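Okay, so here's the structure we're looking at.
The values are calculated or read from the model by the stated rules, or taken from the named source; none is laboratory data. Predicted, not measured: the structure shown is a model, and the values here were computed from it. Note that each Cβ is placed from the backbone with ideal geometry, even for glycine, and that neighbours are counted across all protein chains shown.
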């Protein structure tokens, strides 16, 4: 008789309220895989968009969730450097492939769709995707890192080439990725300018070390203020639209713009500042295994992720409603007892 | 009494017909400068735009012209590695500065505006801006290279990172820069796909080694054809607008787009392929001294520029009308007797 476990599953798209806590058979570690006993998971907008049916080729039912941390419960056939009982954090980028520049479109996918994810007591993942949890982090903190930390790391370092002493403009601080970008930027000795529509988030960002915090809603001339506080070496943005247009305006000659999303869809940009200022725009999403390892390394050196709120696994739907409200600052986490 | 010389000067903006052949005092080589006895000059769209008043801060009267080749006539005070009589080609990018990533906005300017340019018998330029003419090239060929060759070199190599065996899509072949891009790409062992609205230009491009040539006007589905002939590693474009949008569609995951102009102004791009395919868009204009030296090196290895037509200096206005017609393939050159 197969053991059962609790899992938060999506049976039909319709937003967070469509999530159900099911009892399903425990997964097993296949060849080249490990089974992880999860102690914490974390939410990303990707999970929310999946419940809303905003991803192509959604397969259901599915256990959602990309981020997780726990202990190795079992090891499948094949080589694995760790052992049962090891505390690990999971890299949710599956099948990236061999090219550090871009994932392999034939194999790349993200944990939690179509493959069953981390909002469960157990998850089976490729053994290459588990990494030792940084010792000084709690399980909740470790689970908060993977997807957003990886995206942030690749955006500002691998793609954005941020260096000590440079200035980075982070638009929309408060979101999971943007908050990691702020943490990494300050940890790397860069100057950080942040924008948000919420004064409360701007205060939180200042407490985390933001050097200049501007409310773009109440300050329509924010781009002018940024320019006079510049030069801005790097802009990191995921909103697109008008923001990308302004980014080209404020970035210094020879500067860079890293785009890790574009929830506003199209963007109309001026070409003159692009070529005349020799600007580089780098699109980026998730990250390679090399990015993940280098990113985790930062958390072995005293850095800690910012947690917004911790829910229980059973309250995953409520946690996702909270994420959808866009009021959070930092990561929304699920504790899995 | 100062010697006089002929020079093609702009006294008022109003297109090529505003150019006048004047007799003006010969320039002298100031400190750190050399005086070049010009034997040939070449036209660029920049010169045309200047006669049309399409550049900011136009100073008049001015001797137009960025491209030139000739012999060293005199050497001003300061160190210079060459000698009187040396055959040289001029790098028209003045005051680039020390940063290979971008010019110094405080000092950068291009020969021919505001500084008197090459449509004259003599020109004085900084001695750092003259390079030995590649021996196997004629004066007309050497004069055809500088501005367009430099722009092309930086676009595909320094910024576009084109490598042997890769595929490059060159939009609008036939123009000065695009034709150099085709030459460099084939010389570097890359595969070249070209587009144009002229079947005649496409035939010429094929004769120069283009592997696939598509008329984008008569073939509305050109992007689809390019995609199926791909993968396209690099797109090089200066038209912007709809072309940039399609470039994001056809470029391979992890691919690059180099933009060296944007005559169509704004471009509306989709953000999803930008970040999901990890595309890099690099703006570029002119090039650094390192780019110029590396570019010239290519012409010491058997490469020759494509000349469209040679006019006399006195016929500069007619030559520029010819450039404005957009019928040319390769460079329009002025012989200076």
The lone condition residue B:299 fails out of (1) within 11 Å of another protein chain (Cβ to nearest Cβ); (2) out of contact with any helix residue (DSSP H, G or I) (no Cβ under 7 Å at 6 or more places or on another chain); (3) crowded, with 22+ Cβ neighbours inside 10 Å is (1)
Among B:230, B:240, the single one that is touching a helix residue (DSSP H, G or I) at 6+ places or on another chain (Cβ under 9 Å), surrounded by 21 or more Cβ atoms within 10 Å (Cβ to Cβ) and over 14 Å from residue B:173 (Cα atoms) is B:240
Apart from one, (1) within 14 Å of chain B (Cβ to nearest Cβ); (2) surrounded by 18 or more Cβ atoms within 10 Å (Cβ to Cβ); (3) in contact with a helix residue (DSSP H, G or I) (Cβ under 8 Å, 6 or more places away or on another chain) all hold for residue A:55; the odd one out is (2)
Reported set for the stretch B:188-203 where residues are under 19 Å from the mean Cα position of the chain (by Cα) and farther than 17 Å from residue B:225 by Cβ is B:188, B:201
Only unsatisfied item for residue B:277, checking (1) touching a strand residue (DSSP E or B) at 6+ places or on another chain (Cβ under 6 Å); (2) within 9 Å of chain A (Cβ to nearest Cβ); (3) surrounded by fewer than 24 Cβ atoms within 10 Å (Cβ to Cβ); (4) within 22 Å of residue A:278 (Cβ to Cβ), is (4)
Quick count over the stretch A:173-202, residues being surrounded by fewer than 15 Cβ atoms within 10 Å (Cβ to Cβ) and not in a loop (DSSP other than H, G, I, E, B), is 3
### Message
Looking at the structure I just gave you, is residue B:270 facing chain A (nearest Cβ under 8 Å) and either modelled with pLDDT under 95 or surrounded by fewer than 20 Cβ atoms within 10 Å (Cβ to Cβ) (or both)?
### Response
yes
Take the conditions at pLDDT 95 or above and buried (at least 18 other Cβ atoms within 10 Å of the Cβ) and apply them to residue A:74. Does it pass? no
Scanning the stretch A:247-267 residue by residue, those buried (at least 21 other Cβ atoms within 10 Å of the Cβ) and more than 7 Å from every other protein chain (Cβ to nearest Cβ) turn out to be A:247, A:248, A:250, A:251, A:255, A:256, A:257, A:258
For the stretch B:203-224, the count of residues that are within 27 Å of residue A:99 (Cβ to Cβ) and either assigned to a loop (DSSP other than H, G, I, E, B) or touching a strand residue (DSSP E or B) at 6+ places or on another chain (Cβ under 9 Å) (or both) equals 2
Matching residues in the stretch B:207-224 (surrounded by fewer than 16 Cβ atoms within 10 Å (Cβ to Cβ), touching a residue at least 12 places away in the same chain (Cβ under 8 Å) and over 22 Å from residue B:329 (Cβ atoms)) number 0
Inside the stretch A:2-61, the number of residues satisfying the requirement of being in a strand (DSSP E or B) and under 24 Å from residue A:307 (Cβ atoms) is 12
Of those in the stretch B:89-100 that are surrounded by 14 or more Cβ atoms within 10 Å (Cβ to Cβ) and out of contact with any helix residue (DSSP H, G or I) (no Cβ under 7 Å at 6 or more places or on another chain), the residue farthest from residue B:40 (Cα to Cα) is B:97
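Yes/no per residue for (1) modelled with pLDDT of 95 or more; (2) surrounded by fewer than 21 Cβ atoms within 10 Å (Cβ to Cβ); (3) away from chain B (no Cβ under 14 Å); (4) part of a strand (DSSP E or B):
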residue: A:85; (1), (2), (3), (4): yes, yes, yes, no
residue: A:103; (1), (2), (3), (4): yes, no, no, no
residue: A:117; (1), (2), (3), (4): yes, no, yes, no
residue: A:123; (1), (2), (3), (4): yes, no, yes, yes
residue: A:128; (1), (2), (3), (4): yes, yes, yes, no
residue: A:137; (1), (2), (3), (4): yes, no, yes, no
residue: A:142; (1), (2), (3), (4): yes, no, yes, no
residue: A:149; (1), (2), (3), (4): yes, no, yes, no
Exception for residue A:289 within (1) under 30 Å from residue A:131 (Cβ atoms); (2) within 7 Å of another protein chain (Cβ to nearest Cβ) falls at (2)
Sole miss for residue B:291 among (1) crowded, with 23+ Cβ neighbours inside 10 Å; (2) touching a helix residue (DSSP H, G or I) at 6+ places or on another chain (Cβ under 8 Å); (3) in the same structural domain as residue B:188 (by TED's automatic domain parsing) is condition (3)
| said: Among the residues that make up the stretch A:313-328, is at least one of them facing chain B (nearest Cβ under 10 Å), buried (at least 23 other Cβ atoms within 10 Å of the Cβ) and touching a strand residue (DSSP E or B) at 6+ places or on another chain (Cβ under 9 Å)? | reply: no
